[in-house]
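The values are calculated or read from the model by the stated rules, or taken from the named source; none is laboratory data. The structure displayed is predicted, hence computed values, not measured ones. We place every Cβ from the backbone using ideal geometry, glycine too, and count neighbours over all the protein chains shown.
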Amino acid sequence: MYMPVDLKQELMPCVRCGQCRSVCPVFLAKGVESDAPRGRVTLVRALLEGRIDPTDILNEKIQQCLLCRTCVQECPSGVHVERIIIAAREKLAGVTGISREKKLVVRWLLPNLQRLRLFLPVIARVQGLLARRVNNSDYQAPRFNVPLAGRRLLPVLTGHTIATMSSGGKPFPATASSLKAEKTGVVAGANMTPEAAATDNGLKKQARVAFFTGCLMNYGYPHVGRDVVEVLQRNLVEVVIPEKQVCCGLPMLAAGDRNTFNRMREENLRALRSIHSDAVITACASCGSTLKEFYAGELEAPIYDFSEFLLAIDFRPPRGTMVQNVTYHDPCHLRKAQGIKSQPRQLLKSVPGLTLKEVSNPDRCCGFGGTFSLTYPDLARTIGVTKVKDLMQTGADTVVTACPGCMLQLASGLYSQGSQAKVLHLAELLAASYRAEE
Amino acid sequence: MLPADLIRQVEKIAGLENVFTDEANRLCYATDSSLLSQINNWVPDLVVRVTNTEQVSNILKLANQHRVPVIPRGAGTGQCCGAVACRGGIVMDLSSMNRILNLDLENLQVVVQPGIVHADLNKALAAHGFFFPPDPGSTKMCTLGGMVVFNSSGQRSVKYGTTKQYILGLEVVLPSGEVIVTGGARSRALKSVAGYDLTSLFTGSEGTLGIVTRIRLKVLPIPEKRGLVVAFFDKLEASGQAVIQVFRRRLLPSAIEIMDRTAMKAATMYKPELELPPAEAMLLFEVDGSPAEVAYQAQNIAAICQQFANQVEWTDDPKRLIELWTARSVVGAAAGRVKPGATRVYIGEDICVPVIRVPEALRRIQELSEQYNIPIVTYGHIGDGNLHAAPVINTYDSAEIEKVKQLGDAVHRMALEMEGTTTGEHGVGLTRAGYMEEELGPALQVMRQIKRLLDPLNILNPGKMALDEN
Ligand SMILES: Cc1cc2nc3c(=O)[nH]c(=O)nc-3n(C[C@H](O)[C@H](O)[C@H](O)COP(=O)(O)OP(=O)(O)OC[C@H]3O[C@@H](n4cnc5c(N)ncnc54)[C@H](O)[C@@H]3O)c2cc1C
Ligand code: SF4
Ligand code: SF4
């Protein structure tokens, strides 16, 4: 059970030096003290000491945080602003309640995605009415303000999940093979790589891992998940996708809804424990940071980000040439929450033909922030544009990142700025290079 | 509470979106980093964010009519309760006025707005090979406006001096709302002795005489190379001797920093990989200039230190330079971590004593630490005698707060008794106002007369710097 932090102790080390003002994306976009991490810490402290009432404005200041932890990385005193914000949101949820919109997402939509996925093919079929595809990409632009998504680009839905896609099955609610793929969780079937087939035939495998897919990757970017599976298989890793996994719970935690978070956590722990694995892998930075922070003690298998895991085992670099100028966007929940900076870059550099151009201000957040971008779409867009301009400055034709949330935000941002640059997950690029070997 | 009419007029001047009267926004402007502001609840009546000189002027005129205090504020990183509305009124946030107006580098100068952050300015200058030398520890967040009115400085003041040496002219809005330019109304000259030196008067005025809205600054070319000498001393006094010898030998490092045993311990607790040897004090000498100059200075300083220290190292390798600086650069942050469940507070944090008496001051601070039973981590700029003492307490414990206030007082009194000052670079504000009679003597009366002349209604940052007779 995740318990609230000792707020008093978390607040004390803030010496109000203001160093966090120099990095907070929300402050840099808005410019007043109450939007700076220091301001938020001050407000929470005043709330705790009863010096201020939980007014709407105060609530907004506490909600208007991306939980990106840029301030945490910057803070010389080691103040965990994100923990303070989460605890404060929980307190505020008890007083002012959670907004209707957020409730819909964190209490109803996300916890039930597993069941709702049966409707995926229906949505996939009618999505053209709601949105139009942009530039032959995998994205579509809503024709009007879509509830909960606003006007951002959305991935084109195929009706697939990672499991159905990886096993070469049909989308839901379809064939026996796709249902079987979901049930057994073991990825096998038509799309199996030669290496995976070889491991099946007794070739020494490096490890057996449980793949925690995360909601956005599983339903919005299943092809990315398939590529994660493929890259792992190419490295002689057996991949299992535990069937009963649900949302990692971060959106619930971020909304101050600890009960739903704990429920999600319990369900996931059960799902992950139900199969034997040497490691739990995720390729979503936000899921990864949540698992590492709130699940780790409860699981026997260690938790790894995809890139981290590849370099922890005996990694076989891909040999297919990919002549591309790429830049890499560090997801906050990877760089700052998990301290993973070098691994994705090292993997990118292993791809023949690829040129990596570093972006200035790699610590700058993309502005997605999960439900933040639903609640504050304009602010999320402003922050996103700043980031995207930095990325465009590199002249790269491909922006690679390691989190589906960032992918969604960057694709919208680049499109809004008229950039033709593609957004890819690291796994997609690696998989493409492996495939190009043949 | 301010009259509704006044609020409406401020809204008209600055725009509705830049005026804040709600509790949450105002509360965020009630503190700077001083302990004093933390333990009081000096919430301003209104916060206004300004974007140009005209707005500043109009708001000051209005404030004069209504006799409402106005407190200018940059980033609120001050440590002496300077930007705090201890008598209510309007806090004016200038940090959005953050543009570089003119890079006049052929003339070795730049013109900036007061809200520009120090590091942002130096980043822009570095692209052209220049820099603004004063280097406060708060570089990433403090504004140039704050630096001007506090006459801030940093480690490199040994060689490069303080902010005032670089201010060529200022645009200042007087409390009446009138706008003047010091240092020559249209001048781009690098020096001028025309008239009273009003630039110097406003520099260091702590926001009590006028609001700075434009700054003309002298800049210098970035030195080609830097080098560093690090030395560890068995005896605190020996470190002082080494510094004196360096000056006697006519060497001029850009910075000389000292960390005493407490500071070394704090840095090691925070970053065990530092592996500092056991010692009573550690000195860091930074030298800069041409490669030959750097090598010459560093080698000579190292040789002098050899006579007094038990371990000496010098380097001009940029990578090693960063490694060696680490101990000093983390100590501020590390201080708060020496005692679990406690944090550092800013009080008595900025005394400055004669260089020769630094070791004595360090010893006496440790005696005070024992006497009050409060851990203190001390480090500072031995090159100019400026010491930063960081007491560490549980800020939820009112008894500890009382005790640390007494400790701060003792540190300030010790500095005065040692022919020093209560503040080397952070300013007087409210925290040190009580010492000004003693520290300044009859000169304080002259300051009060100047204040009365420029601000007869006492609306600009009232209560600070002991300018009020009562
Ligand atoms: C971690 C840390 C390290 C520090 N290290 C150093 C150091 O090494 N050296 C050093 O000198 N200081 C240091 N300081 C102190 C502080 O950063 C400086 O005094 C800085 O110049 C204050 O700038 P500010 O923008 O935050 O000003 P604020 O705190 O906002 O204001 C400071 C004073 O200036 C007035 N003011 C602000 N802007 C204007 C304006 N435009 N016109 C008129 N008055 C104005 C305010 O009323 C107030 O009295 C440090 C502070 C911190 C927190
Ligand atoms: S959160 Fe950290 S960086 Fe921000 S004001 Fe507090 S101590 Fe300074
Ligand atoms: S977590 Fe990100 S958005 Fe939130 S206060 Fe820190 S820097 Fe700002």
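Taken across the range B:361-373, residues that are hydroxyl-bearing (S, T, Y) and either touching a Ser or Thr at 6+ places or on another chain (Cβ under 7 Å) or buried (at least 16 other Cβ atoms within 10 Å of the Cβ) (or both) do occur, with at least one present.
A quick yes/no check of all residues on (1) farther than 24 Å from A:G320 by Cα; (2) of a type in the set (D, E, K, R); (3) in contact with a strand residue (DSSP E or B) (Cβ under 6 Å, 6 or more places away or on another chain):
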{"site": "A:L379", "(1), (2), (3)": "yes, no, no"}
{"site": "A:G384", "(1), (2), (3)": "yes, no, no"}
{"site": "A:D397", "(1), (2), (3)": "no, yes, yes"}
{"site": "A:A402", "(1), (2), (3)": "no, no, no"}
{"site": "A:S419", "(1), (2), (3)": "yes, no, no"}
{"site": "A:A427", "(1), (2), (3)": "no, no, no"}
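Do we have any residue at all in the range B:421-437 that's acidic (D, E), touching a helix residue (DSSP H, G or I) at 6+ places or on another chain (Cβ under 8 Å), surrounded by 15 or more Cβ atoms within 10 Å (Cβ to Cβ) and not in a helix (DSSP H, G or I)? The answer is yes, given that some residue of the range B:421-437 is acidic (D, E), touching a helix residue (DSSP H, G or I) at 6+ places or on another chain (Cβ under 8 Å), surrounded by 15 or more Cβ atoms within 10 Å (Cβ to Cβ) and not in a helix (DSSP H, G or I). Exactly one residue out of B:V212, B:V179, B:V229, B:V246 is more than 29 Å from B:V338 (Cβ to Cβ), buried (at least 18 other Cβ atoms within 10 Å of the Cβ) and assigned by TED's automatic domain parsing to the domain that holds B:T343, and it is B:V246.
Counting the residues of the range A:414-432 that are modelled with pLDDT under 95 and either under 13 Å from the mean Cα position of the chain (by Cα) or closer than 19 Å to A:T371 by Cα (or both) gives 0.
What are the pairs with Cβ atoms under 7 angstrom where one residue, in the range A:288-303, is closer than 12 Å to A:L253 by Cβ and the other, located anywhere, is part of a loop (DSSP other than H, G, I, E, B) and of a type in the set (A, V, I, L, M)? Sequence gap at least six, or different chains. Within 7 Å, the pairs are A:S289/A:A337.
The requirement of being more than 14 Å from every other protein chain (Cβ to nearest Cβ) and among the β-branched types (V, I, T) is not satisfied by B:V117. Answer with yes or no whether A:G31 is without any contact (Cβ under 8 Å) to a residue 60 or more places away in the chain, within 17 Å of A:I383 (Cβ to Cβ) and away from ligand 3 (no atom under 11 Å from the Cβ). Judged against the criteria, A:G31 is a match. The range B:302-396 holds strands (runs of 3 or more DSSP E) entirely within its bounds, and those carrying 2 or more residues that are under 23 Å from the mean Cα position of the chain (by Cα) map to B:376-381, B:386-393. None of A:K30, A:K8 is closer than 26 Å to A:T386 by Cβ and surrounded by fewer than 24 Cβ atoms within 10 Å (Cβ to Cβ) except A:K30.
Scan the range B:278-301 for residues that are without any contact (Cβ under 8 Å) to a residue 24 or more places away in the chain and not in a helix (DSSP H, G or I) and the total you get is 1.
All conditions in (1) more than 16 Å from ligand 1 (Cβ to nearest atom); (2) over 27 Å from the mean Cα position of the chain (by Cα) hold for A:E10, with the sole exception of (2). Counting only residues that are within 16 Å of ligand 1 (Cβ to nearest atom), in contact with a Leu (Cβ under 8 Å, 6 or more places away or on another chain) and among the aliphatic types (A, V, I, L, M), how many does the range A:13-59 have? The qualifying residues number 1. Out of the range B:1-18, which residues are away from every other protein chain (no Cβ under 14 Å) and touching a strand residue (DSSP E or B) at 6+ places or on another chain (Cβ under 7 Å)? Matches in the range B:1-18: B:L2, B:I7, B:V10, B:E11. Being surrounded by 17 or more Cβ atoms within 10 Å (Cβ to Cβ), away from ligand 2 (no atom under 11 Å from the Cβ) and not assigned by TED's automatic domain parsing to the domain that holds A:V385 is a property that A:A36 lacks.
Would you confirm whether any residue within the range B:208-225 is at pLDDT 95 or above, part of a strand (DSSP E or B) and polar (S, T, N, Q)? Within the range B:208-225, one or more residues are at pLDDT 95 or above, part of a strand (DSSP E or B) and polar (S, T, N, Q). Among the residues in the range A:31-44, are any more than 7 Å from chain B (Cβ to nearest Cβ) and more than 26 Å from B:G115 (Cα to Cα)? Yes: one or more hits. Tell me whether the range B:135-156 contains one or more residues that are over 30 Å from B:V48 (Cα atoms), more than 16 Å from ligand 2 (Cβ to nearest atom) and not in a loop (DSSP other than H, G, I, E, B). No, the range B:135-156 contains no residue that is over 30 Å from B:V48 (Cα atoms), more than 16 Å from ligand 2 (Cβ to nearest atom) and not in a loop (DSSP other than H, G, I, E, B). If the condition is being in contact (Cβ under 8 Å) with a residue 60 or more places away in the chain and within 8 Å of ligand 3 (Cβ to nearest atom), then the range A:75-93 contributes only A:V81. Can you find a residue that is in contact with a strand residue (DSSP E or B) (Cβ under 6 Å, 6 or more places away or on another chain), away from ligand 1 (no atom under 16 Å from the Cβ) and in contact (Cβ under 8 Å) with a residue 40 or more places away in the chain anywhere in the range B:431-447? No, there is no match, as no residue in the range B:431-447 is in contact with a strand residue (DSSP E or B) (Cβ under 6 Å, 6 or more places away or on another chain), away from ligand 1 (no atom under 16 Å from the Cβ) and in contact (Cβ under 8 Å) with a residue 40 or more places away in the chain.
From the list B:T77, B:T21, the one residue that fits, being within 16 Å of B:G146 (Cβ to Cβ), within 11 Å of chain A (Cβ to nearest Cβ) and not charged (D, E, K, R), is B:T77. Inspection of the range A:72-82 finds a residue satisfying the criterion of being part of a helix (DSSP H, G or I) and surrounded by fewer than 18 Cβ atoms within 10 Å (Cβ to Cβ). Only a single criterion out of (1) surrounded by fewer than 19 Cβ atoms within 10 Å (Cβ to Cβ); (2) within 16 Å of ligand 2 (Cβ to nearest atom) is not satisfied by A:T96, namely (2). Exactly one residue out of B:G289, B:G341 is surrounded by fewer than 23 Cβ atoms within 10 Å (Cβ to Cβ), touching a helix residue (DSSP H, G or I) at 6+ places or on another chain (Cβ under 8 Å) and within 14 Å of chain A (Cβ to nearest Cβ), and it is B:G341. Looking at A:V106, is it more than 10 Å from every other protein chain (Cβ to nearest Cβ), more than 16 Å from ligand 3 (Cβ to nearest atom) and more than 20 Å from B:A24 (Cβ to Cβ)? Considered against the rule, which asks whether it is more than 10 Å from every other protein chain (Cβ to nearest Cβ), more than 16 Å from ligand 3 (Cβ to nearest atom) and more than 20 Å from B:A24 (Cβ to Cβ), A:V106 comes out as yes.
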